[in-house]
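The values are calculated or read from the model by the stated rules, or taken from the named source; none is laboratory data. Computed from a predicted structure; not experimentally measured. Note that we place each Cβ from the backbone using ideal geometry, even for glycine, and neighbour counts take in every protein chain shown. Just the protein is used for accessible areas: all its heavy atoms, side chains included, with ligands, DNA and RNA removed. Shrake-Rupley method; radii C 1.70, N 1.55, O 1.52, S 1.80 Å.
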Amino acid sequence: MGQKSRIEWTDATWNPTTGCTKVSDGCDHCYAHKLAHERLALLYSRQLPVLPTEENIADPFSIRLWPNRLKQPASWRKPRIVFVNSMSDLFHADVPDAFVRQVFEVMLRVDRHIYQVLTKRPSRAARFFRLNQDLFPSGTIPRHIWMGTSVENQGVAHRVDHLRQVPAEIRFLSCEPLLGTLEIDLTGIHWVIAGGESGAEFRPMEEAWVRGLRDQCRESGTPFFFKQWGGRRAKAGGRLLEGRTWDEMPMPGRVPENVAPPASVSVPAENRRRTRARPVHAMVPAAA
């Protein structure tokens, strides 16, 4: 944990909790669930879950706390962009408030890093802020802690309204896997990530869905980051949209080190659905 991440929009991952529960369509083919039941099953099973029922003990993806990992950010001397809980959801109902508070205390104290806190439960995030305002004397979650929520289709767009109730200086949306057309009010949103699904059972993403979301970002002045087209392998379809990469970030100059150079290949047809063929345009530099 904490090693360099292959996720394009971050540098590293930090998992003080692991485990989650599927709550919407975007969870159907969850990579974290798959990893927990395969490669990481033995490791996770060595730790008792928060709720040690017989069923939870047998499930490596039930919620587990890892207090020893709270020290990791302080051990990283070089500033990083850190995805918090890539294998969990900090605001899952089974994560105790006291432990969520400990995680925030670390992020507030070790402020040389940028922390990306992504949740499918932004209503609990808003409630946590209201109950722990003493942690945030300025009245807002500071600029180095980005608060985000996942929005894979219009059916969960209400999460954006809940996220707006979190008084963070930077709020973001992860629209991955993007599973349909999204029409979103981007007021108070400072960054949008979009990407297609990957894995053996991936659901193809239509180009119109991505372009529509990108255009909404351009109209509202919201930075847009296109992660991937997806496919059977995450990198299979590349990450070009209309001939260029989109690596915009909410803080100018803070682009993850592992953003790959743009590939000069078109997207394989199997990885996305298109309404018409189009040429690959000349690539231009992405915005900061």
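From the residues in the range 118-137 that are open to solvent by less than 60 Å² (accessible area, probe 1.4 Å) and aliphatic (A, V, I, L, M), which one is nearest to W209 (Cα to Cα)? The residue in question is L118.
For L240, state whether it is within 18 Å of G148 (Cβ to Cβ) and either surrounded by 12 or more Cβ atoms within 10 Å (Cβ to Cβ) or at pLDDT 55 or above (or both).
Values: within 18 Å of G148 (Cβ to Cβ): no; either surrounded by 12 or more Cβ atoms within 10 Å (Cβ to Cβ) or at pLDDT 55 or above (or both): yes.
Here the answer is no, as L240 does not meet what is asked.
The single condition among (1) buried (at least 18 other Cβ atoms within 10 Å of the Cβ); (2) more than 20 Å from the chain's Cα centre (by Cα) that T245 does not satisfy is (2).
Taken over the range 211-242, residues that are touching a Leu at 6+ places or on another chain (Cβ under 6 Å) and either within 16 Å of E8 (Cβ to Cβ) or among the aliphatic types (A, V, I, L, M) (or both) amount to 2. Apart from one condition, H190 fits all of (1) open to solvent by less than 20 Å² (accessible area, probe 1.4 Å); (2) in contact with a Pro (Cβ under 6 Å, 6 or more places away or on another chain); the exception is (1).
Using the structure shown, decide if G155 is at positive phi, of a type outside the set (A, V, I, L, M) and open to solvent by 10 Å² or more (accessible area, probe 1.4 Å).
Values: at positive phi: no; of a type outside the set (A, V, I, L, M): yes; open to solvent by 10 Å² or more (accessible area, probe 1.4 Å): yes.
No.
So that you can scan it fast, the table gives a plain yes or no per residue for (1) open to solvent by 70 Å² or more (accessible area, probe 1.4 Å); (2) at pLDDT 95 or above:
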{"site": "M1", "(1), (2)": "yes, no"}
{"site": "C20", "(1), (2)": "no, yes"}
{"site": "V23", "(1), (2)": "yes, yes"}
{"site": "Y31", "(1), (2)": "yes, no"}
{"site": "H37", "(1), (2)": "yes, yes"}
{"site": "L40", "(1), (2)": "no, yes"}
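In this structure, T140 qualifies as open to solvent by 40 Å² or more (accessible area, probe 1.4 Å) and among the hydroxyl-bearing types (S, T, Y).
Looking at R164, R171, can you tell me which residue is open to solvent by 10 Å² or more (accessible area, probe 1.4 Å), touching a residue at least 24 places away in the same chain (Cβ under 8 Å) and in contact with a helix residue (DSSP H, G or I) (Cβ under 7 Å, 6 or more places away or on another chain)? Give the steps one after another, and end with the answer.
Details: R164 fails: in contact with a helix residue (DSSP H, G or I) (Cβ under 7 Å, 6 or more places away or on another chain).
Answer to the check: R171.
Consider L70 carefully, then state whether it is surrounded by 13 or more Cβ atoms within 10 Å (Cβ to Cβ) and either outside any loop (DSSP other than H, G, I, E, B) or not aliphatic (A, V, I, L, M) (or both). Here the answer is yes, as L70 does meet what is asked.
Filtering the range 225-237 to residues that are surrounded by fewer than 22 Cβ atoms within 10 Å (Cβ to Cβ) and either more than 16 Å from the chain's Cα centre (by Cα) or among the aromatic types (F, W, Y) (or both) leaves R232, R233, K235, A236.
On the basis of being within 20 Å of W14 (Cβ to Cβ), open to solvent by 10 Å² or more (accessible area, probe 1.4 Å) and part of a helix (DSSP H, G or I), does R101 make the cut?
On the way: within 20 Å of W14 (Cβ to Cβ): yes; open to solvent by 10 Å² or more (accessible area, probe 1.4 Å): yes; part of a helix (DSSP H, G or I): yes.
When the stated conditions are applied, R101 passes them.
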